[in-house]
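The values are calculated or read from the model by the stated rules, or taken from the named source; none is laboratory data. Being a predicted model, the structure only gives us computed values, none of them experimental. Counting neighbours? That spans all protein chains shown, and the Cβs are built from the backbone with ideal geometry, glycine included.
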Number of protein chains: 2
Amino acid sequence: MAIKFLFNGNSSHVISAHDRGLQFGDGLFETIAIKNEFLLCWDEHIKRLQLGCSRLKIPMPSEETLTKEARSLISNVERGVLKLIVTRGEGGRGYALPLNAETTRLMSLYPWPEYSFGNPDNGIKVRLCNYRYGHNPALAGIKHLNRLEQVMARSEWSDTTIAEGIILDYEKNVIEGTMSNLFYIKNNTLYTPELFACGINGIIRQKVITLAAELNLEVRIDKISLQRLMDADEAFMCNSIIGIWPITLLGEKSLEIGEKTIRMKILLQKYSFISESQ
Amino acid sequence: MAIKFLFNGNSSHVISAHDRGLQFGDGLFETIAIKNEFLLCWDEHIKRLQLGCSRLKIPMPSEETLTKEARSLISNVERGVLKLIVTRGEGGRGYALPLNAETTRLMSLYPWPEYSFGNPDNGIKVRLCNYRYGHNPALAGIKHLNRLEQVMARSEWSDTTIAEGIILDYEKNVIEGTMSNLFYIKNNTLYTPELFACGINGIIRQKVITLAAELNLEVRIDKISLQRLMDADEAFMCNSIIGIWPITLLGEKSLEIGEKTIRMKILLQKYSFISESQ
């Protein structure tokens, strides 16, 4: 559970029951790693939030206000997680966009997560979920608050040795993990699923794609079948909190932690990703 | 905005920011018409809520508690709307189902809505939305809290003379209105879209299908193209609050209020739909 909350700048752990975030999931969120009082990849998170606000026609809160509030919440925090929720604000019973609604900003500070399955640097076990994503091009890519699909997929297992589950769409394309993006390497090419119809375009996913050139890896963003994934040389999951988790068990298939995955992990850590705007 | 709230049985208009209803849209809702201190179609709403809870693996709150709380909120209410939200309760940052979470019950009492476009008994104008539904068979039919698609479709118009918008899926099948189900009549058959991939199976939709036999109408639940809809003799929208609204303008096409629509409307009103459990 969160340690501290800021609701529209005030310390509060409750929100109005009229908020459209609750009523319809009418909002967006970002999950940001905190390291030594810095918000990692802050500019990138703000940029994705802006894109999401634009897609959902939600007025974007001022970046200055968000930065000020986030910094006030994380002062003296060495390691932690900031979850930022932005909703369309309060409204009535209907779906129509409310007139003069004030966008809600909810920031929650969480402790750094501990994992039940040991040190993920030694590789993680990943299962294949039965749940299939629907297709929704208009909402794909952005990190909106309609997350029942992830909840359903994550509800399939309680084995604490399994770190993550991979979700396919209903056309059987591999898409992502329940809380992370997926990459695999075959020969000298880095592959990751295209996210036009579903999935979230993660900040670390974007970083990994950009950094691939430094490792002389070609990048292919593509429709990916389970068969192609299972034929991978190396594979890893990534997100803003976990960084890179090498996969050593993918369904029934064992994988080695590959040299390219390790080099990408080191490269990602080398860049501190502390944005200038802080 | 709501007049009164009951949060887990207590008068409160705020909810915890930890609630998974806000965090992920992890819950369900029902919208119930109140008439002379009765909750119309209460048993049917409870039944759909049970189905939704079962699909989402949310423990269903006790029906007795829900009935008691709902009745306490609507005492002395001649005409109004009760919105009942059930969520998985409070949880942490992750998608995994929380252990020992207590299901949240939020009831809100709203005034009976007033409409900007005159008396809907005289027929309504309906537009065709540009927004296309995604396909999501695992979540189709139930009334869950992930409602960004309806919000996006409803955001397309602000012309107050337009009562409703019809949404197609991305394969161009006609599905429903933003807040209502759709029926049309051609010759002696009543048609309504199948809802296997998207859409909400409305309580009044179910009633209309059942009552069709009394009007000697054959019922066809089918994939419906825009062309077929446009070729209708009569058409109407329905939900628990509006009952039946005859359509007199469907996109660019004018329609007469048909005799079968009027007879269905009268038939629906004849049954008071006051469930025995009250």
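So which of A:Arg93, A:Arg55, A:Arg48, A:Arg20 ends up being modelled with pLDDT under 95 and touching a helix residue (DSSP H, G or I) at 6+ places or on another chain (Cβ under 9 Å)?
A:Arg93
Output yes when any residue across the stretch B:241-249 is under 26 Å from B:Glu171 (Cβ atoms) and of a type in the set (Gly, Ala, Ser), and no when none is.
no
Working carefully through the options A:Arg88, A:Arg71, find the one that is modelled with pLDDT of 95 or more, more than 23 Å from B:Val14 (Cβ to Cβ) and more than 19 Å from the chain's Cα centre (by Cα).
Sole residue among the options that is modelled with pLDDT of 95 or more, more than 23 Å from B:Val14 (Cβ to Cβ) and more than 19 Å from the chain's Cα centre (by Cα): A:Arg71.
Restricting to the stretch A:49-71, count the residues that are more than 12 Å from chain B (Cβ to nearest Cβ) and either farther than 21 Å from A:Pro113 by Cα or touching a Ser or Thr at 6+ places or on another chain (Cβ under 6 Å) (or both).
Here the count works out to 16.
Given the condition within 30 Å of B:Tyr115 (Cβ to Cβ), at pLDDT 95 or above and either more than 13 Å from chain B (Cβ to nearest Cβ) or buried (at least 19 other Cβ atoms within 10 Å of the Cβ) (or both), answer yes or no: does some residue in the stretch A:27-43 qualify?
Yes, that holds for at least one residue.
State which residue pairs qualify: first residue on the phi < 0 side of the Ramachandran plot and inside the stretch B:99-113, second residue exposed (fewer than 13 other Cβ atoms within 10 Å of the Cβ) and in a strand (DSSP E or B) in any location, beta carbons under 7 Å apart, and separation of 6 or more residues or different chains.
Matching pairs, first to second residue: B:Trp112/B:Arg79.
Hey, does the stretch A:202-211 have a residue that's touching a Lys or Arg at 6+ places or on another chain (Cβ under 7 Å) and closer than 16 Å to A:Val126 by Cα?
Looking through the stretch A:202-211, none of the residues is touching a Lys or Arg at 6+ places or on another chain (Cβ under 7 Å) and closer than 16 Å to A:Val126 by Cα.
Has the stretch A:14-21 got at least one residue that is surrounded by fewer than 17 Cβ atoms within 10 Å (Cβ to Cβ) and not assigned by TED's automatic domain parsing to the domain that holds A:Ile142?
yes
Please specify each residue of the stretch A:173-191 satisfying the condition of being of a type in the set (Val, Ile, Thr) and under 23 Å from A:Gly134 (Cβ atoms).
A:Val174, A:Ile175, A:Thr178
So, in the stretch A:72-91, exactly how many residues are exposed (fewer than 14 other Cβ atoms within 10 Å of the Cβ) and within 13 Å of chain B (Cβ to nearest Cβ)?
Total meeting the criteria: 0.
Based on what the data block shows, is A:Lys4 buried (at least 18 other Cβ atoms within 10 Å of the Cβ), in contact with a Leu (Cβ under 9 Å, 6 or more places away or on another chain) and in contact (Cβ under 8 Å) with a residue 60 or more places away in the chain?
Criteria not met by A:Lys4.
With A:Ile242, A:Ile262 as the choices, which residue is aliphatic (A, V, I, L, M), closer than 26 Å to B:Gly94 by Cβ and either modelled with pLDDT of 95 or more or surrounded by 15 or more Cβ atoms within 10 Å (Cβ to Cβ) (or both)?
Exactly one residue qualifies, and that residue is A:Ile242.
Given (1) touching a Lys or Arg at 6+ places or on another chain (Cβ under 9 Å); (2) basic (Lys, Arg); (3) surrounded by 14 or more Cβ atoms within 10 Å (Cβ to Cβ), where does B:Lys57 come up short, assuming only one miss?
(3) is the only condition that B:Lys57 fails.
Mind listing whichever residues of the stretch B:5-24 are out of contact with any Lys or Arg (no Cβ under 6 Å at 6 or more places or on another chain), within 11 Å of chain A (Cβ to nearest Cβ) and not hydroxyl-bearing (Ser, Thr, Tyr)?
Matches in the stretch B:5-24: B:Phe5, B:Leu6, B:Phe7, B:His13, B:Val14, B:Ile15, B:Ala17, B:His18, B:Asp19, B:Gly21, B:Leu22, B:Gln23.
Residues that are more than 25 Å from A:Glu252 (Cα to Cα), more than 14 Å from every other protein chain (Cβ to nearest Cβ) and either under 22 Å from the mean Cα position of the chain (by Cα) or at pLDDT below 95 (or both): does the stretch A:194-201 have at least one?
Yes, the stretch A:194-201 has at least one match.
So which strands (runs of 3 or more DSSP E) stay within the stretch B:1-77 end to end and still have 1 or more residues that are farther than 17 Å from A:Ala17 by Cβ?
In the stretch B:1-77, the matching strands (runs of 3 or more DSSP E) lie at B:27-35.
State all residues of the stretch A:193-230 that are within 17 Å of A:Glu259 (Cβ to Cβ) and assigned to a strand (DSSP E or B); if no residue qualifies, say none.
The answer is A:Glu218, and nothing else.
Out of the stretch B:135-163, which residues are within 22 Å of A:Asp19 (Cβ to Cβ) and acidic (Asp, Glu)?
Scanning the stretch B:135-163 gives a single hit, B:Glu149.
Please state which of the following conditions B:Lys223 fails to meet, knowing it meets all the rest: (1) in contact with a strand residue (DSSP E or B) (Cβ under 7 Å, 6 or more places away or on another chain); (2) surrounded by fewer than 21 Cβ atoms within 10 Å (Cβ to Cβ); (3) closer than 30 Å to B:Lys68 by Cα.
For B:Lys223, the exception is condition (3).
Can you tell me which residues in the stretch A:219-254 are in contact (Cβ under 8 Å) with a residue 24 or more places away in the chain, touching a Ser or Thr at 6+ places or on another chain (Cβ under 9 Å) and over 17 Å from A:Gln206 (Cα atoms)?
Once the filter is applied, which keeps residues that are in contact (Cβ under 8 Å) with a residue 24 or more places away in the chain, touching a Ser or Thr at 6+ places or on another chain (Cβ under 9 Å) and over 17 Å from A:Gln206 (Cα atoms), the stretch A:219-254 yields A:Ile224, A:Glu234, A:Pro246, A:Ile247, A:Thr248.
For the stretch B:161-181, indicate whether the set of residues that are among the β-branched types (Val, Ile, Thr) and farther than 23 Å from A:Ala197 by Cα is non-empty.
Checked against the condition, which is being among the β-branched types (Val, Ile, Thr) and farther than 23 Å from A:Ala197 by Cα, the stretch B:161-181 yields at least one hit.
Anything in the stretch A:68-92 that is in contact (Cβ under 8 Å) with a residue 24 or more places away in the chain and of a type in the set (D, E, K, R)? List them, or say none.
The answer is A:Glu69, A:Arg71, A:Glu78, A:Arg79, A:Lys83, A:Arg88, A:Glu90.
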